[in-house]
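Comments concern the structure below.
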Amino acid sequence: MESLDLKQMSQMVDIIAEEKGLPKETVLNVIEQAIAAAWRKDNGDRDMNVRAVLNTKTGEADVFVSREVIEEGVGYNPSTEIPLDKAGKNAKLGDIIEEKYKVTTFGRVAAQTAKQVVVQRLREAENDAVLSAFEDKVGTIVTGTVSRVEPKLVRIDLGRATGIMPRSEQIDGEYYSVSSRIKVYIKNIEHGERGAQLILSRGCAEFVEYLFRQEVPELENGTVEIRGIAREAGRRTKIAVMSTVPGIDPVGTFVGGRGIRVQAVMNEIGEKEKIDVINWSDNASEYIREALSPAEIIKVDIDGKKAKVHVSDDQQSIAIGKQGQNVRLASKLTGYDIDIVLTKSTPKKKKQNVEDALLSAVEEASEE
């Protein structure tokens, strides 16, 4: 590629737009970026603020270099700044002025630079256009195919686009094999310098919530509600639920007959992860008691957002959980900083046998 044929590039705008399924303005903008990059390569440096305008009818292009007007007599960067005395009689300090240059031809290196810019920017624009179709799917679950497993992420093919599932969004201990089909939660679309990126998840709390929404139709009609979820993916999930209709058992609704509903969710996230479905309460003490289940709580003292929970010695390890998991999830679920306190329980007096009591009464009467 010895030169950059501007007329040919201008004629390619419509063709590229049609082939890539992109707006004509997007393709034109990409080509103008390439022209600016090529001109900068031949005539300036990377610090320059350069923009190009391509006339698609004539095949001619102009380049504009912008500089900020600064005070005279001080050091300046000629690539981005210009002293007031050289900026023109109408210029003022702080103004941004543009110098116009006619584009004619480019050298081989500059032309190659332009080609690389076009290829890269078109790929990014095409990717952005595809991902924009997924914007209305953010917050939902879709099925994809694992295309590549890397140390820090898993790439998943969703058909029209490919998303990534970072390690932080994976289920702990779950194995992903290439070509396997899995359900993923579309968490977000991140826009960066390299274009848009679809962020997928199986480890977030929202993934479990959406799975329950697929299994519990009462959520759609508002009979029951999810008031909070705390999750450590691959280990345990606590979900607080409530009923808006008197007489409806919210926990039973989520668990389902013979546990069929909660089991369906566990089948998707893995049997190793346990799910605790508890009753939500607007009474903080009651809510904390529920959140710490299956531990039996003696008393809860609340001070601001801190809660001191009293338990007997045989319930302490249950309340804390393995590696502190139970109390950690309960704290996350309720929003309270929970401190488990061991309280020595008072031994209960052994109940007297009824027969012994009657015998004692008879003996006392006979002595009289």
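Here are the numbers:
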{"quantity": "³J(HN,Hα), Karplus 6.51/-1.76/1.60, whole Hz, each residue of the stretch 199-204, x for Gly, Pro", "calculated": "9, 10, 8, 10, x, 7"}
{"quantity": "Residue with peak Gaussian network fluctuation, the chain [Cα springs, cutoff 10 Å], from VAL119, VAL74, VAL309", "calculated": "VAL74"}
{"quantity": "Pairs from LYS20/LYS187; LYS238/LYS308; LYS41/LYS92; LYS24/LYS137; LYS152/LYS322 whose Cα-Cα separation, in the structure shown, is over 22 Å", "calculated": "LYS20/LYS187; LYS41/LYS92; LYS24/LYS137; LYS152/LYS322"}
{"quantity": "Calculated on alpha-carbon atoms, Rg and Dmax of the stretch 1-64 in Å", "calculated": "12.0, 34"}
{"quantity": "Ranked TYR76, TYR185, TYR175, criterion: other C-beta atoms within 10 Å, fewest first", "calculated": "TYR175, TYR76, TYR185"}
{"quantity": "VAL13, VAL265 arranged by Cβ crowding within 10 Å, fewest neighbours leading", "calculated": "VAL13, VAL265"}
{"quantity": "Packing-based exposure ordering (other Cβ within 10 Å, fewest first) of SER293, SER177", "calculated": "SER177, SER293"}
{"quantity": "Vicinal HN-Hα couplings computed from phi for the stretch 244-256 (Karplus, 6.51 cos²θ - 1.76 cosθ + 1.60; Hz; Gly/Pro x)", "calculated": "9, 10, x, x, 8, 7, x, 5, x, 5, 6, 5, x"}
{"quantity": "Spacing of the two label points (7 Å from each Cα toward its C-beta) at ASP282 and ASN90, in nm", "calculated": "6.6 nm"}
{"quantity": "Magnitude of the charge dipole, the chain, Cβ model with Lys/Arg +1 and Asp/Glu -1, debye to 20", "calculated": "1120 debye"}
{"quantity": "Dipole of the chain [Lys/Arg +1, Asp/Glu -1 at C-beta], most positive-end residue of GLN197, ASN29, ALA319", "calculated": "ASN29"}
{"quantity": "Spatial separation of Cα centroids for the stretch 140-194 and the stretch 94-123, in angstrom", "calculated": "36 Å"}
{"quantity": "Efficiency of FRET from Cβ geometry, SER312 and ARG213, R₀ 56 Å, rounded to 0.05", "calculated": "0.90"}
{"quantity": "Cα-centred dipole magnitude for the stretch 135-201, charges only on beta-carbon of K, R (+1) and D, E (-1), debye, nearest 20", "calculated": "180 debye"}
{"quantity": "Using θ = phi - 60° and Karplus 6.51 cos²θ - 1.76 cosθ + 1.60, couplings along the stretch 97-106 (whole Hz; Gly, Pro as x)", "calculated": "10, 10, 10, 9, 10, 7, 8, 10, 10, 10"}
{"quantity": "Loop-located GluC sites (Glu not before Pro) in the stretch 146-201 whose Cβ has at most 14 other Cβ within 10 Å (DSSP)", "calculated": "GLU193"}
{"quantity": "Simple Cβ-charge dipole of the stretch 6-132, Lys/Arg +1 and Asp/Glu -1, about Cα centre, in debye nearest 20", "calculated": "420 debye"}
{"quantity": "Rg and Dmax [Cα atoms of the stretch 154-262; Å; Rg one decimal, Dmax integer]", "calculated": "16.6, 54"}
{"quantity": "Summed residue charge, Cβ within 10 Å of VAL255's Cβ, Lys/Arg positive, Asp/Glu negative", "calculated": "+1"}
{"quantity": "Computed over the stretch 6-132, Kirkwood Rh from alpha-carbon pairs, angstrom", "calculated": "16.0 Å"}
{"quantity": "Interchain or long-range residues, amide H under 5 Å from ILE298's placed H", "calculated": "HIS310, VAL311, SER312"}
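A short reminder: the numbers here are calculations on the coordinates, not readings from a lab. Keep in mind that this is a model prediction, so the values were computed, not measured. Cβ coordinates were reconstructed from backbone atoms using ideal geometry, including for glycine residues, and neighbour counts include every protein chain displayed.
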